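The values are calculated or read from the model by the stated rules, or taken from the named source; none is laboratory data. The shown structure was predicted, so the numbers you read here are calculated from the model rather than taken from an experiment. As a convention, Cβ positions derive from the backbone with ideal geometry for all residues, glycine included, and neighbour counts pool all protein chains shown. These accessible areas exclude ligands, DNA and RNA; they are computed on the full protein's heavy atoms, side chains included. Shrake-Rupley method; radii C 1.70, N 1.55, O 1.52, S 1.80 Å.
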Amino acid sequence: MNFNFYMPSRVIFGKGSLNNLHKQKLPGKKALIVTGGTSIKKFGYLKRLEEQLDKSNISHVLF
């Protein structure tokens, strides 16, 4: 089996970046949130991310 996969990425980094995510032009209508630990929930980052995606009308699922 042979195939090529190209997925361009943009990294947004810096103080307040998560709070302004809804202001970004996002490339799709659905988001897959992949995490392997508990700290993203424990410290509230997951909730904040989901709120930003909701503001942008981006559906999301957690894996």
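Here are the numbers:
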item	result
Quarter of the Cα convex hull surface for the chain, i.e. its orientation-mean projected area (nm²)	5.8 nm²
Förster radius 22 Å - calculated FRET efficiency between His60 and Gln24 (Cβ-Cβ, nearest 0.05)	0.90
Amide H within-cut-off set for Ala31, under 5 Å, with H built and near neighbours excluded	Ser59, His60, Val61
Residue-averaged 222 nm ellipticity for the chain, from DSSP H runs of 4+ at -39500 (n - 2.57), nearest 500	-6000 deg cm²/dmol
Relative contact order (percent, whole number), the chain, Cα cutoff 8 Å, 6+ residue spacing	43 percent
Percent carbon-and-sulfur accessible area, the chain, ignoring ligands, DNA and RNA, probe 1.4 Å	57 percent
Solvent-accessible heavy-atom area per residue, rounded to whole Å², over the chain at 1.4 Å	93 Å²
Residues of region 35-63 with amide N under 19 Å of the 7 Å Cα→Cβ point at Ser9	35-37, 40, 46, 49, 61-63
In the chain, trypsin sites (Lys or Arg not before Pro) in a DSSP loop with at most 15 other beta-carbon atoms within 10 Å	Arg10, Lys15, Lys25, Lys29
